[in-house]
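None of the figures in this text is laboratory data; all of them are computed from the coordinates on show. Small disclaimer: the values here were computed from a predicted structure and weren't measured. Glycine gets a Cβ as well: all are built from the backbone with ideal geometry, and neighbour counts include every protein chain shown.
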Amino acid sequence: IEELARRHGPDRLVGLDLGAAPPLPEVFLPYYERADVRDLAALRDVVERYRIDTVYHLASLLSATGEKQPDLAWDVNMTGLKHVLDLAKLHRMKVFWPSSIAVFGPATRKRAPQHAVLDPTTMYGVTKVSGELLCRYYCHRFGVDVRSLRFPGIISYKTRPGGGTTDYAVEIFYAAVEDGAYTCFVRPETRLPMMYMPDAVKATLDLMDAPSEAITVRTSYNVDAVSFTAEELAEEIARHEPGFTCRYAPDHRQQIADSWPSELDDTAARDDWGWQPAYDLPTLAEDMLVNLRQKLIPSD
Ligand code: VAH
């Protein structure tokens with residue numbers, strides 16, 4: 001929302017979520033609607049009242065929450081996406097929809113190719129594979145210009161994490177600033193692909209700005225940025241926060257993490273629309289900690 005406001009002006013945007021508007025310290029959002037993405041009539045009313053031409057459809061239950069409530073995950077993730085695609089077909093809207101590394105499963109080697117056998121072990125992953133196929137169907141059958149990225153774990157200081165398996169890579173930064181110590185819910189050697197939020201926003205908007213004829217992948221593009229183990233992350237944080245300690249107590253999320261690849265082959269994204277990440281682990285960690293100290297430690 002903040003980057004779209006910078007590019008188009010806040011009065012060109014309408015925020016929509018189930019709950020109240022998120023804190024947006026950098027922008028005032030004049031138009032905000034509350035609706036459940038499973039309510040087609042409510043979505044259609046917003047689309048028609050504001051004459052929406054582009055939708056960034058991010059509403060979803062994530063992997064860990066989805067395993068606790070698989071029926072709800074299927075309902076929100078699939079019904080919500082189909083409603084957006086049906087409205088996009090009716091009103092010729094352009095759509096961005098995020099997929100995830102969660103589409104991959106045990107059949108994939110540690111470096112996930114763009115075109116692979118997709119055998120996810122979570123309901124979240126099943127909804128992402130199904131969603132990718134639904135998007136490609138709506139594009140080829142109805143001409144809907146829907147585009148998608150298979151995001152790695154996304155790291156941000158702006159909102160606290162919730163419901164994801166990669167959340168340890170965000171929680172650890174908050175714990176380092178607030179407590180100087182963290183108990184990690186995956187093993188130290190767990191290596192996963194990650195991406196800093198500014199890179200995720202850049203990838204999303206670069207993809208959406210690309211000419212339609214450049215888009216050769218209508219399921220979802222692999223995008224890779226940085227891969228590290230939980231231990232490598234803890235060691236990098238300790239370089240910036242002397243005395244920080246991390247212990248490991250794997251829980252149910254370990255088996256989800258173990259089913260995912262450790263990196264992605266994103267050649268197609270780089271070739272088709274010039275994908276290029278800007279952050280590596282040291283610059284990501286530095287930026288996270290500088291901003292979290294400002295956010296969490298009250299200035300005198
Ligand atoms: C999750 N952060 O952990 C999400 C993501 C890479 C996984 O889709 O569920």
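Condition check ((1) closer than 29 Å to Tyr196 by Cβ; (2) not in a strand (DSSP E or B)) across all residues:
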| residue | (1), (2) |
| --- | --- |
| Ser99 | yes, no |
| Arg109 | yes, yes |
| Gln114 | yes, yes |
| Thr121 | yes, yes |
| Gly125 | yes, yes |
| Val129 | yes, yes |
| His140 | no, yes |
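What is the one condition in (1) surrounded by fewer than 20 Cβ atoms within 10 Å (Cβ to Cβ); (2) within 13 Å of the ligand (Cβ to nearest atom); (3) under 30 Å from Met93 (Cα atoms) that Glu171 does not satisfy?
Status for Glu171: all satisfied but (3).
Has segment 78-86 got at least one residue that is in contact (Cβ under 8 Å) with a residue 12 or more places away in the chain, among the acidic types (Asp, Glu), buried (at least 19 other Cβ atoms within 10 Å of the Cβ) and not in a loop (DSSP other than H, G, I, E, B)?
Within segment 78-86, not a single residue is in contact (Cβ under 8 Å) with a residue 12 or more places away in the chain, among the acidic types (Asp, Glu), buried (at least 19 other Cβ atoms within 10 Å of the Cβ) and not in a loop (DSSP other than H, G, I, E, B).
Does segment 133-149 include one or more residues that are within 16 Å of the ligand (Cβ to nearest atom) and among the charged types (D, E, K, R)?
No; the residues of segment 133-149 include none that is within 16 Å of the ligand (Cβ to nearest atom) and among the charged types (D, E, K, R).
I'd like to check which strands (runs of 3 or more DSSP E) are fully inside segment 184-254 and have at least 3 residues that are without any contact (Cβ under 8 Å) to a residue 40 or more places away in the chain.
Output list is empty.
Which of the residues that make up segment 255-272 are part of a helix (DSSP H, G or I) and either crowded, with 20+ Cβ neighbours inside 10 Å or more than 22 Å from the chain's Cα centre (by Cα) (or both)?
Result: Ile256, Ala257, Ala269.
Suppose the filter is crowded, with 16+ Cβ neighbours inside 10 Å, within 13 Å of the chain's Cα centre (by Cα) and not small (Gly, Ala, Ser); does Val201 pass it? I'd like the intermediate steps shown before the answer.
Working: crowded, with 16+ Cβ neighbours inside 10 Å: yes; within 13 Å of the chain's Cα centre (by Cα): yes; not small (Gly, Ala, Ser): yes.
In short, yes.
Among the residues of segment 273-292, write down those that are surrounded by fewer than 16 Cβ atoms within 10 Å (Cβ to Cβ) and in contact with a helix residue (DSSP H, G or I) (Cβ under 8 Å, 6 or more places away or on another chain).
Gly274, Gln276, Ala278, Pro282, Glu286
Just checking, how many residues over segment 150-168 are within 9 Å of the ligand (Cβ to nearest atom) and either surrounded by fewer than 18 Cβ atoms within 10 Å (Cβ to Cβ) or among the aliphatic types (A, V, I, L, M) (or both)?
Qualifying residue count for the region: 2.
Would you mention how many residues in segment 238-272 are away from the ligand (no atom under 15 Å from the Cβ), out of contact with any helix residue (DSSP H, G or I) (no Cβ under 8 Å at 6 or more places or on another chain) and either within 22 Å of Ile215 (Cα to Cα) or of a type in the set (Phe, Trp, Tyr) (or both)?
Final tally of qualifying residues: 5.
For Thr127, are the conditions met, namely being surrounded by fewer than 20 Cβ atoms within 10 Å (Cβ to Cβ), within 16 Å of the ligand (Cβ to nearest atom) and either over 17 Å from Arg218 (Cα atoms) or in contact (Cβ under 8 Å) with a residue 60 or more places away in the chain (or both)?
no
Tell me the residue from Val146, Val129 that is within 21 Å of Arg38 (Cα to Cα) and in contact with a strand residue (DSSP E or B) (Cβ under 7 Å, 6 or more places away or on another chain), please.
Sole residue among the options that is within 21 Å of Arg38 (Cα to Cα) and in contact with a strand residue (DSSP E or B) (Cβ under 7 Å, 6 or more places away or on another chain): Val146.
Working only within segment 158-180, note down all residues that are of a type outside the set (Asp, Glu) and part of a helix (DSSP H, G or I).
Listed by number, the residues that qualify are Tyr168, Ala169, Val170, Ile172, Phe173, Tyr174, Ala175, Ala176, Val177.
Take segment 47-71 and flag every residue that is surrounded by fewer than 16 Cβ atoms within 10 Å (Cβ to Cβ), more than 19 Å from the chain's Cα centre (by Cα) and either free of Cβ contacts under 8 Å to residues at least 40 places away in the same chain or in a loop (DSSP other than H, G, I, E, B) (or both). Outline the logic, then answer.
At the first step, the residues of segment 47-71 found to be surrounded by fewer than 16 Cβ atoms within 10 Å (Cβ to Cβ) are 48-51, 53-54, 58, 68-69, 71.
Narrowing the set further to residues that are more than 19 Å from the chain's Cα centre (by Cα) leaves 48-51, 53, 68-69, 71.
Listed by number, the residues that qualify are Arg49, Tyr50, Arg51, Asp53, Lys68, Gln69, Asp71.
Here are Ala176, Ala112, Ala181: which of them is away from the ligand (no atom under 12 Å from the Cβ) and in contact with an Asp or Glu (Cβ under 7 Å, 6 or more places away or on another chain)?
Ala176
Which members of segment 15-42 meet the condition of being closer than 21 Å to Leu87 by Cα, among the aliphatic types (A, V, I, L, M) and under 20 Å from the mean Cα position of the chain (by Cα)?
Residues satisfying the conditions are Leu16, Leu18, Val37.
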